[in-house]
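The values are calculated or read from the model by the stated rules, or taken from the named source; none is laboratory data. Here the structure is a predicted model, which is why all the values come from computation and not from measurement. Neighbour counts are summed over all protein chains in view; Cβ atoms, including those assigned to glycine, are modelled from backbone coordinates with ideal geometry.
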Amino acid sequence: MLFNSYEFWAFFAIVLLLYQGLGHRGQNRMLLIASYVFYGSWDWRFLSLILVSTVVDYWVARRLSDEADDEGRRRLLLTLSLATNLGILGVFKYLGFFVESAAVLLTNLGFQPNLPSLGIVLPVGISFYTFQTLSYTIDVYRRKMAPCDDPLDFALYVAFFPQLVAGPIERASHLLPQIRTPRRVAPSQFREGLYCILYGLFKKVVIADNMALVVDHIFSQPTGSLSAVDMLVGVYAFAFQIYGDFHGYSLIAQGVARWLGFDVMDNFRQPYFAGSPQEFWRRWHISLSTWLRDYLYIPLGGSRGSVVQTYRNLAITMLLGGLWHGANWTFVIWGAVHGSWLSLHRAMAGITALWRGWLAQAIKVFVTFQIVCVTWLFFRAENVQQAFGLFGALGNGADVAPISRLGIGIVLVFVLPMVVYEVWVERRDDLFAITRVPWYLRALFYFCLVLALVWFSAPTASEFIYFQF
Amino acid sequence: MSRLREVVGVETRTILVVVLGLLFVEVAVRLAGERLSGDVVHIEKIGEIAGDLAQAEGFRILFVGNSLIGDGLDSERLESILAESLRIPVRVAKIRPDGTSPLEWYYLIDRHVFDPGARPDVLVIAFGPGHLFDRSGNQAVLRLAAHHVAWDQVGEVFAEDLEGFDAGAQFVLARVSRAYALRDRVQPRVLDQVIPGYQDLAPLILRDRPTGAEVDAGQEQRGTRLLERILGRAQREGVPVLFVAMPSGPGWVVDPGVERLIREHSLGLLDLNEELPLPPERFPDGQHLDDVGRRIFTDSLASSIAPLLSRMPE
């Protein structure tokens, strides 16, 4: 049940209708059932994994509260939660990858390993809800919040369907209080929700899916047959595909949640206008980058130790951040490149800070975008060989094949209007600026979005990229 | 309810303007629909074409296919060659909506040929690579809803041919809104204005992508259920069916399973792709025949089809 399917909107309409007629507790129970139906529509068997995480973390958090004076037992309880959640994630997401990598390594060392091909199916959204529920037990362990006393409310926090399968990764301290207190949908929430849903669908169905046509074609060609221009068209198109795809999903999740009276965090802030890697990560997948900062980078020591320790912490955080995206060496390299870039930029901070003014900022934004695009090449490539093959295409001359001309046209026609709009949002420094302009201007904007959805959605729809994570 | 009105009320004017804008577009598309595409003009005339053929004197041949036969067959030339060869008047008509396959053919034959009793003496189905396999992508659903399905066929479409909630929703939307149904005709025309060569090049990047139905099925579909339905319906109506494999360049052979099915349940298969190897220059866009190719194909078809028709019972 994808956000870009009619099935989802029919489901949501029913949920919304039922929701209006219920009291607070009834709303929560109904949302929990709806969330399980939503998740079960992919594969009901994987509901058991969510239930295990829910039961273990609810129980662990309650026990953490009961054992307030026994630090040893508290550490043991936290370890149990970490082992359960990361164990599930490890088995379903990484075991096959590690077995395969071990087989390759042993083969290269001259052994003849006969390791089985596990063929484990990856449950949708497992990385998202695992991190979400982990943040809860860690926060309770750190005494930053009290444990939830209602198991069904906690179950709803883990499985809340708008952001269950692809985020934003909500903190318990933000979402649980909203679950536990009665909600009234404010008119402003309806207005902002409408904007989020329309713009989110536009970004997914019009921007991302049209970019996917170009990207999939170019990335399916033998790398030796691609010119430098072909490769660059593919990479730039992918940069906007993944942005449209993931930001689109996050916006729809925000919009749907707002119509239910919830406030879900912003996950993106015009990331391609960032002027440095640090700024990029403050604007891209904010819920993951802040999670990694709070639960990995800072516990490792953050920037409190020596320079070398800081770089080590950055490298570990970004490597694991890369691996979070998928069990593939391409994601590990992607994370390593980002970690190295963050370290290098940190080392040069004194120099770059001296360079000010609008021209300097424009150059910083341009350079940052180019480096981000280089890293996307690893992110999109099927394997490391293809990634380096694509780099090799830079030496294949600058012939502009007809397909690349078409690709350039598609990228410009679909992306330029979005960029113009986001420049305006950036200058207003307000993600919901459109909800504060006169109603007739907003109506014109929405009309354009809806018309684009009707006429310019891609001929073939694609799944959301982040579902596979 | 008053609470709901209060919440939604903040955007009433905005939503109303968007809805009015969409209604305006709907009216504009309905008024200008025929100008959007020559194919739509042809589709609107299918009933007339089938009716005229049924009224005609002599031997009546109805070709059903897509743009391959639309561009590839010179009907008048075929009529005159066959009339001379068979020594009776011959009328040839083509029903050839672009990009169609057995799904659309089944319903349009049923609606315009069998249901009104406009039976030809022979029904010829012309096909290219992969055309006879079951296909039911988004485009086919929109076209079924907008053009090919009569109201009394809607139940059958839902029962037999629309898989999943989304296909049903798309069908209903396309049935209600012309602007929605014609999206696959509006999009390339508009994009061709702003992206030079879009209409020629876009099929190249779309060609390898699976349709929505194929994605759902997890693999390319190779079924022939729809073809069997067409053959069964024609058999019940007593209309003989002949198949013509269109010249489509090297590298394609008719699927053995399809060939077996055709030979068991029809007059036969004229494999002009195999018998008439045409050079690549006869296919300027890689698929459709040029003028010279059309003449060669029509002549070849006439000489292949004449002996078959002469053996048919009166």
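So if I check each of A:Ile197, A:Ile207, A:Ile179, A:Ile169, which one is at negative phi and within 14 Å of another protein chain (Cβ to nearest Cβ)?
Among A:Ile197, A:Ile207, A:Ile179, A:Ile169, only A:Ile197 is at negative phi and within 14 Å of another protein chain (Cβ to nearest Cβ).
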It is to be established whether one or more residues within the stretch A:409-421 are within 14 Å of another protein chain (Cβ to nearest Cβ) and among the small types (Gly, Ala, Ser). yes
Residue count for the stretch A:342-371, restricted to those that are touching a Phe, Trp or Tyr at 6+ places or on another chain (Cβ under 9 Å), of a type in the set (S, T, N, Q) and modelled with pLDDT of 95 or more: 1
Answer yes or no as to whether B:Ala213 is modelled with pLDDT of 85 or more and either part of a helix (DSSP H, G or I) or of a type in the set (Gly, Ala, Ser) (or both). no
Of A:Arg405, A:Arg427, A:Arg380, the only residue that is within 12 Å of another protein chain (Cβ to nearest Cβ) and either surrounded by 13 or more Cβ atoms within 10 Å (Cβ to Cβ) or free of Cβ contacts under 8 Å to residues at least 12 places away in the same chain (or both) is A:Arg405
Six or more apart or on different chains, Cβ atoms under 6 Å: show the pairs whose first residue is in the stretch A:65-76 and assigned by TED's automatic domain parsing to the domain that holds A:Lys144 and whose second is surrounded by 14 or more Cβ atoms within 10 Å (Cβ to Cβ) and at pLDDT below 90. A:Arg73/A:Glu67; A:Arg74/A:Glu67
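Could you say whether any residue in the stretch B:181-198 is farther than 20 Å from A:Val454 by Cα and within 12 Å of chain A (Cβ to nearest Cβ)?
Scanning the stretch B:181-198 turns up at least one residue that is farther than 20 Å from A:Val454 by Cα and within 12 Å of chain A (Cβ to nearest Cβ).
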Working only within the stretch B:58-70, note down all residues that are buried (at least 19 other Cβ atoms within 10 Å of the Cβ) and more than 16 Å from B:Ser101 (Cβ to Cβ). B:Phe59, B:Arg60, B:Ile61, B:Leu62
Restricting attention to helices (runs of 4 or more DSSP H) lying wholly within the stretch A:160-257, give those where 3 or more residues are more than 26 Å from A:Gln132 (Cβ to Cβ). A:187-201, A:209-219
Report yes if some residue within the stretch B:98-112 is away from chain A (no Cβ under 14 Å), crowded, with 21+ Cβ neighbours inside 10 Å, aromatic (Phe, Trp, Tyr) and over 27 Å from B:Ala302 (Cβ atoms); otherwise report no. yes
Failed item in (1) farther than 21 Å from B:Leu269 by Cβ; (2) out of contact with any His (no Cβ under 8 Å at 6 or more places or on another chain); (3) of a type in the set (Ser, Thr, Tyr), with B:Tyr106 passing the rest: (1)
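Rundown of residues vs (1) free of Cβ contacts under 8 Å to residues at least 40 places away in the same chain; (2) within 14 Å of chain B (Cβ to nearest Cβ); (3) part of a helix (DSSP H, G or I), yes/no style:
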| site | (1), (2), (3) |
| --- | --- |
| A:Phe3 | no, yes, no |
| A:Tyr39 | no, no, yes |
| A:Ser48 | yes, no, yes |
| A:Ala83 | yes, no, yes |
So which of A:Ile197, A:Ile138, A:Ile179 ends up being closer than 23 Å to A:Arg29 by Cα and at pLDDT 90 or above? A:Ile179
